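Enquirer: My questions will all concern the structure given below.
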Amino acid sequence: NLAAAMLMASKWNQELPLIDPFCGSGVIPIEAVLLAQNTPPGISRAFAFENWSTYNPKLLQQIRLSAESTVSALPSYKIQASDRDAGAIRMAQNNAKRAGVNPEINWSIQAFSAIQPTEKKGWIITNPPYGERASANNDLRNLYAQFGNILRKNFIGWHALVLCNNPLLIQQMKIKSIPLLQFSNGGIPVKAYLLHP
């Protein structure tokens, strides 16, 4: 839900590339493909009401068939997902396979500093680390400062939506930001910040 809300709030133009440089389990790129395909939420999952005595399996089947008719394939996807952790990429690819969208995402194991834009405009939508441990604060400040440097250097003209729990980390990026959404992510209050490098 959080990833879908971020994508919708960003007003991502699906004809432009989307990059998630801290993809972790792959939720944002997976949701991006599903959104681009106009896939209805929950189309392939089971629901608790299916155990009710009044459940009508034929009606659900009709609804699913009707919903599946809205799914469309775009001529080309420009969705890139990367993480420096090879284990995270394996997990993300498995999640994408279960969602039926793995071939639509360009996966890579690399640090965000190695990512180069393929077009003059696009979107970076990501959920970088924002840990709660005090010992991580210095490393995180450096991470966000470096992330901001890369955005300002290589991604001028792009849009970025970054999820974070600490406005001071966002300030380290030295890019004007606007908080768009506020969530609780695993009990941690976070905001999605829109940036224009």
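Enquirer: Among the residues of the range 166-187, write down those that are in contact (Cβ under 8 Å) with a residue 24 or more places away in the chain, open to solvent by 40 Å² or more (accessible area, probe 1.4 Å) and in a loop (DSSP other than H, G, I, E, B).
Expert: ASN166, GLN172, LYS174
Enquirer: What are the residues in the range 109-131 that are charged (D, E, K, R) and open to solvent by less than 70 Å² (accessible area, probe 1.4 Å), if any?
Expert: Within the range 109-131, the subset charged (D, E, K, R) is 119-121.
Passing the criteria: only GLU119.
Enquirer: Sticking with this structure for a sec: Is it the case that some residue within the range 42-55 is touching a strand residue (DSSP E or B) at 6+ places or on another chain (Cβ under 7 Å) and closer than 27 Å to LEU163 by Cβ? Outline the logic, then answer.
Expert: Taking the range 42-55 as the starting set, the residues that turn out to be touching a strand residue (DSSP E or B) at 6+ places or on another chain (Cβ under 7 Å) are none.
No, every residue in the range 42-55 fails to be touching a strand residue (DSSP E or B) at 6+ places or on another chain (Cβ under 7 Å) and closer than 27 Å to LEU163 by Cβ.
Enquirer: Now, a different point. Can you name the residue in the range 28-69 that is assigned to a helix (DSSP H, G or I) and β-branched (Val, Ile, Thr) and, of all such residues, is surrounded by the fewest Cβ atoms within 10 Å (Cβ to Cβ)? Spell out how you get there, then give the answer.
Expert: Initial filter on the range 28-69 (assigned to a helix (DSSP H, G or I)): 28-36, 48-51, 57-68.
Next cut, β-branched (Val, Ile, Thr) only: 28, 30, 33, 63.
On the way: ILE28: 26, ILE30: 27, VAL33: 22, ILE63: 13.
My answer is ILE63.
Enquirer: Pull up the range 173-195, narrow it to residues that are polar (S, T, N, Q) and more than 18 Å from PHE155 (Cβ to Cβ), then point me to the one that is modelled with the lowest pLDDT. Walk me through how you get there before you give the answer.
Expert: Here is the first cut: in the range 173-195, the ones polar (S, T, N, Q) are 177, 182, 184-185.
Okay, now just the ones that are also more than 18 Å from PHE155 (Cβ to Cβ), so 182, 184-185.
Working: GLN182: 92, SER184: 86, ASN185: 81.
It comes out as ASN185.
Enquirer: Does the range 68-78 include one or more residues that are touching a Phe, Trp or Tyr at 6+ places or on another chain (Cβ under 7 Å) and at negative phi?
Expert: Restricting attention to the range 68-78, the residues satisfying the condition of being touching a Phe, Trp or Tyr at 6+ places or on another chain (Cβ under 7 Å) are none.
No, the conditions are met nowhere in the range 68-78.
Enquirer: Tell me, yes or no, whether the range 75-83 has at least one residue that is over 15 Å from the mean Cα position of the chain (by Cα) and over 21 Å from SER108 (Cβ atoms). Even if it seems obvious, please write down each step before you answer.
Expert: Taking the range 75-83 as the starting set, the residues that turn out to be over 15 Å from the mean Cα position of the chain (by Cα) are 75-76.
Imposing the further condition that a residue be over 21 Å from SER108 (Cβ atoms) reduces the set to 75.
Checking the range 75-83: at least one residue is over 15 Å from the mean Cα position of the chain (by Cα) and over 21 Å from SER108 (Cβ atoms).
Enquirer: Return the only residue of ALA99, ALA9 being more than 24 Å from ALA192 (Cα to Cα) and among the hydrophobic types (A, V, I, L, M, F, W, C).
Expert: Numbers: ALA9 fails: more than 24 Å from ALA192 (Cα to Cα).
When all the criteria are applied, what remains is ALA99.
Enquirer: Need the failing condition index for LEU140 against (1) hydrophobic (A, V, I, L, M, F, W, C); (2) in a helix (DSSP H, G or I); (3) open to solvent by 40 Å² or more (accessible area, probe 1.4 Å); (4) in contact with a Leu (Cβ under 9 Å, 6 or more places away or on another chain), just the number.
Expert: Only one criterion in (1) hydrophobic (A, V, I, L, M, F, W, C); (2) in a helix (DSSP H, G or I); (3) open to solvent by 40 Å² or more (accessible area, probe 1.4 Å); (4) in contact with a Leu (Cβ under 9 Å, 6 or more places away or on another chain) is unmet by LEU140, namely (3).
Enquirer: Still on this structure, I have one more. Has the range 95-108 got any residue that is open to solvent by less than 40 Å² (accessible area, probe 1.4 Å), of a type in the set (Gly, Ala, Ser) and more than 19 Å from SER10 (Cβ to Cβ)?
Expert: Yes, the range 95-108 contains at least one residue that is open to solvent by less than 40 Å² (accessible area, probe 1.4 Å), of a type in the set (Gly, Ala, Ser) and more than 19 Å from SER10 (Cβ to Cβ).
Enquirer: So ALA160 clears everything in (1) more than 18 Å from PRO17 (Cα to Cα); (2) surrounded by 15 or more Cβ atoms within 10 Å (Cβ to Cβ) except one condition, right? Which one?
Expert: Every listed condition holds for ALA160 apart from (1).
Enquirer: Taking the range 143-157, which residues are in a loop (DSSP other than H, G, I, E, B) and either crowded, with 19+ Cβ neighbours inside 10 Å or free of Cβ contacts under 8 Å to residues at least 40 places away in the same chain (or both)? It would help to see each step written out before you state the result.
Expert: Of the range 143-157, the ones in a loop (DSSP other than H, G, I, E, B) are 155-157.
The one that is in a loop (DSSP other than H, G, I, E, B) and either crowded, with 19+ Cβ neighbours inside 10 Å or free of Cβ contacts under 8 Å to residues at least 40 places away in the same chain (or both): PHE155.
The values are calculated or read from the model by the stated rules, or taken from the named source; none is laboratory data. This structure is a prediction, so every number in the text was calculated from the model and none was measured. We place every Cβ from the backbone using ideal geometry, glycine too, and count neighbours over all the protein chains shown. Note: accessible area is taken over every heavy atom of the protein model, side chains too, but ligands, DNA and RNA are not part of it. Shrake-Rupley method; radii C 1.70, N 1.55, O 1.52, S 1.80 Å.
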